[in-house]
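Worksheet: the structure to be examined is printed underneath.
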Amino acid sequence: MDNSVLVLAQIKNLAAVKKAIAHYDQQMSQKVQLPVETLLELLDLHSASEIEAMEVFMKNSFKDVDQRFQKELKTLLKAKQDDLCKQNLEASSDYCSALLRNIFGPLEEDVKRGIYSKPGGHRLFIQKTEELKAKYYREPRKGIQAEETLQKYLQSKESVSNTILQTDLALTAREKEMEEARIKAEAAKAEAQKLEEIQRQNEEMMQQRERLHREQVRQMEINRANFLLQRQRDLKRRLQEEAAKKAERMQAESRRLQIEIQQLQRVAPPDETCILL
């Protein structure tokens, strides 16, 4: 080819490359929304736009000897692909970082306020972390950096988790000591109360025995007094009975003597006077 043809070919092929690149950029801007969920999805979109760009170039190219401009276009498209992959990584990383700050922000504030600085706090911290991780995984369109960004974030918080763990262990040990001391104090108190109860029961028993003894003594005195009173009554009754019997004998004797006198008077002479002494 003469120089004029070469110049024309260069002009038209450069324009064809530029037009193909513009078409590629237009197609990718319409089809791609970063971050793309997977690398395969991004490469498929790139391949489809690359094919269309090559078709645009082929329609508008002119005498591309040795496919020099086509190769240049492929090189430019490969650079576009690499840059797009880099942008996708950055977009995914930025989005995931912002998402993590939003999801884990309240947890970080709770840590600063000392919510987890207590016995059992590390278990609660891990439990809350797992809940927030599940919430993070449920969020869509995080891109290909989702897992790596999460793991980097969790690794950056390992020192916080370890601090909470050490605080938890220290406070748990202290709480255990306090609990053991409380149990011992309660046991000592219970033993003292038990001894006091035993002493109280013994005192009540002694008092009850003393009352019972006094009652027995009082009852014995009552019984003795009743016995003596009954004896006096029996003695009085016997004396009364004996006096009554004696009076009856005396009356009987008096009647007998009266009868004898009367009998003597009937049998004695009329002029004789009988004097009974």
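Enclosing the Cα atoms of the chain in their convex hull gives a volume equal to 253 cubic angstrom per residue. The C-alpha atoms of the stretch 111-253 occupy a region whose extents along the principal axes are 152, 31, 18 Å, arranged from largest to smallest. Measuring r between the beta carbons of residue 173 and residue 152 and using R0 = 41 Å, the FRET efficiency lands at 0.80.
On the protein heavy atoms, probe 1.4 angstrom, tell me the percent of accessible surface of the stretch 138-226 carried by carbon and sulfur. Roughly 54 percent, rounded to a whole number.
Along each principal axis, taking the top coordinate minus the bottom one, the Cα set of the stretch 47-166 gives 80, 23, 17 Å in descending order.
Taking 0.36 nm per residue of sequence separation and removing the Cα-Cα distance, the residue 197/residue 249 pair yields an extension gain of 11.2 nm. Cross-link pairs exceeding 23 Å between alpha carbons, from the set 19/142; 80/135; 31/71; 31/80; 118/189; 19/80: 19/142; 80/135; 31/71; 118/189. Computed over protein heavy atoms with a 1.4 Å probe, the accessible surface of the chain works out to 74 Å² per residue. Only protein heavy atoms count here; under a 1.4 Å probe, residue 200 has an accessible surface of about 90 Å². Assuming charge only on the beta carbon of Lys and Arg (+1) and of Asp and Glu (-1), the dipole of the stretch 111-242 about its Cα centre is about 400 debye to the nearest 20.
Helix 158-267 and the longest principal axis of the C-alpha atoms of the chain enclose an angle of approximately 10°. Any idea what angle helix 146-156 forms with the longest principal axis of the chain, computed on alpha-carbon atoms, 0 to 90 degrees, nearest 10? That helix lies at roughly 60 degrees to the long axis.
The values are calculated or read from the model by the stated rules, or taken from the named source; none is laboratory data. From a predicted model like this one, the values you see are computed outputs, not experimental measurements. Every residue, glycine as well, gets a Cβ built from its backbone with ideal geometry; the counts of neighbours run over all protein chains shown. When the accessible area is computed, the model is the full protein with side chains, heavy atoms only, and any ligands, DNA or RNA have been set aside. Shrake-Rupley method; radii C 1.70, N 1.55, O 1.52, S 1.80 Å.
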